[in-house]
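J.: What follows is a single structure, and I will ask about it in a moment.
The values are calculated or read from the model by the stated rules, or taken from the named source; none is laboratory data. Remember, predicted model here, so these are calculated numbers, not experimental data. Because the Cβ atoms are built from the backbone with ideal geometry, glycine has one as well, and the counts that use them run over all protein chains shown.
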Amino acid sequence: MARARVVRAWLRRGVAAPAAAAAGAARTDGTRAGVAGARICGVDAPDFNLGVHAKLRAAGVRTIQYVAPAVWAWRPERVAQVARAVEHLLPLLPFEEKIFADAGVRTTYVGHPLASTLPQHADAAAARARLGIGVALPTIAVLPGSRRAEVGALGPRFGDTIRWLQQRNAAMQFVVPAASEDLKAMLDRMLEQAGVDRSRVFISPGHSHDCLEAADAVLVAGGTATLEAMLFGKPMVIAYKVPWLTEWITRRKALIPYFGLPNILAGKHVVPEFVQGESWQRNLVRP
């Protein structure tokens with residue numbers, strides 16, 4: 001919990017209002033005739049926005065990008081693309097500022113919105129009541145991802161893990177958020193195929209924060225959900241599975257040797273993380 005408070009404060013140290021930073025980025029002279037004062041601020045979606053930014057910047061439009069591409073995890077060559085396309089970058093994570101500044105990109109770290117939007121003190125009992133599950137039972141949140149490809153890769157393994165834990169503690173309950181009704185149906189099928197006891201497994205569409213707040217521990221796919229679990233102060237095991245070629249390329253091109261955001265922010269392994277065929281069941285329940 002103490003570490004979560006420190007990281008929360010760190011993630012809030014950026015500019016209080018990213019919109020103000022974007023406005024400041026545009027207050028310079030020298031735009032071309034016909035587009036004087038024109039500016040654009042792209043939000044996330046780098047595969048789309050960087051191409052748009054490059055064309056507009058060439059035409060004299062001031063280009064600002066809110067949310068940096070995750071070059072530290074995948075496709076580091078995009079740093080040069082950002083330098084060509086973006087005049088002012090507003091990243092969410094503190095270590096991203098140096099990566100892009102070293103490449104000559106004007107960069108202002110603005111902090112992550114989750115540090116301000118998630119509650120500072122988790123109330124597991126209240127979250128369980130909102131979800132309609134047992135308030136006093138040991139609770140595991142299982143988050144296999146928000147995209148079909150992620151759920152397809154991790155869902156069966158996470159289902160096996162739930163069954164493995166049920167065999168060791170029949171009182172344990174599980175909450176599984178689903179990003180959509182379509183993914184809920186997909187998870188239902190996977191859990192049935194895994195042979196889990198559904199009487200204590202609850203799939204909750206659209207309530208990932210409640211599921212995390214309700215949990216005693218979390219099994220989570222890599223991604224933003226790992227940051228959310230950390231800010232809720234929850235012990236977790238991070239797991240990820242990708243096609244073998246993607247994993248082979250990523251390990252050789254990544255700028256940082258971790259894929260879980262808690263470990264990336266700490267600069268060391270503070271949370272167990274497993275990828276591909278590695279087993280994580282025992283790590284979820286070890287003392």
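J.: Have a look at Ala115, Ala59 and point out the one that is surrounded by fewer than 19 Cβ atoms within 10 Å (Cβ to Cβ) and among the hydrophobic types (A, V, I, L, M, F, W, C).
T.: Going through Ala115, Ala59 in turn, the sole match is Ala59.
For every residue, the table says whether it meets (1) surrounded by 20 or more Cβ atoms within 10 Å (Cβ to Cβ); (2) outside any helix (DSSP H, G or I); (3) more than 19 Å from the chain's Cα centre (by Cα).
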site	(1), (2), (3)
Gly104	no, yes, yes
His121	no, yes, yes
Ala126	no, no, yes
Arg130	no, no, yes
Val151	yes, no, no
Leu154	yes, no, no
Ala171	no, yes, yes
Asp188	no, no, yes
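J.: Could you list all residues from region 204-231 that are among the polar types (S, T, N, Q) and out of contact with any strand residue (DSSP E or B) (no Cβ under 6 Å at 6 or more places or on another chain)?
T.: The one that is among the polar types (S, T, N, Q) and out of contact with any strand residue (DSSP E or B) (no Cβ under 6 Å at 6 or more places or on another chain): Thr224.
J.: Given the criteria under 17 Å from Ala141 (Cβ atoms), of a type in the set (A, V, I, L, M, F, W, C) and touching a helix residue (DSSP H, G or I) at 6+ places or on another chain (Cβ under 9 Å), does Ala215 qualify?
T.: yes
J.: For region 109-119, which positions are assigned to a helix (DSSP H, G or I) and in contact (Cβ under 8 Å) with a residue 24 or more places away in the chain?
T.: Quick first cut of region 109-119, residues assigned to a helix (DSSP H, G or I) only: 114-117.
Across region 109-119, the qualifying residues are Leu114, Ala115, Ser116.
J.: Filter region 128-180 down to residues that are under 18 Å from Ile238 (Cβ atoms) and hydroxyl-bearing (Ser, Thr, Tyr), then give me how many there are.
T.: 2
J.: Of all residues in region 213-224, count the ones that are within 16 Å of the chain's Cα centre (by Cα) and either in a strand (DSSP E or B) or outside the structural domain of Gly145 (by TED's automatic domain parsing) (or both).
T.: 4
J.: Let me ask you something else. Checking Val176 against (1) in a helix (DSSP H, G or I); (2) in contact with a helix residue (DSSP H, G or I) (Cβ under 8 Å, 6 or more places away or on another chain); (3) under 20 Å from Lys241 (Cα atoms), only one condition comes out false. Which one?
T.: If we test Val176 against (1) in a helix (DSSP H, G or I); (2) in contact with a helix residue (DSSP H, G or I) (Cβ under 8 Å, 6 or more places away or on another chain); (3) under 20 Å from Lys241 (Cα atoms), just (1) comes out false.
Here is a yes/no grid of residues against (1) among the acidic types (Asp, Glu); (2) in the same structural domain as Pro69 (by TED's automatic domain parsing); (3) without any contact (Cβ under 8 Å) to a residue 40 or more places away in the chain:
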position	(1), (2), (3)
Trp164	no, no, no
Arg168	no, no, no
Ala179	no, no, yes
Glu192	yes, no, yes
Val196	no, no, yes
Cys211	no, no, no
Thr226	no, no, no
Val237	no, no, no
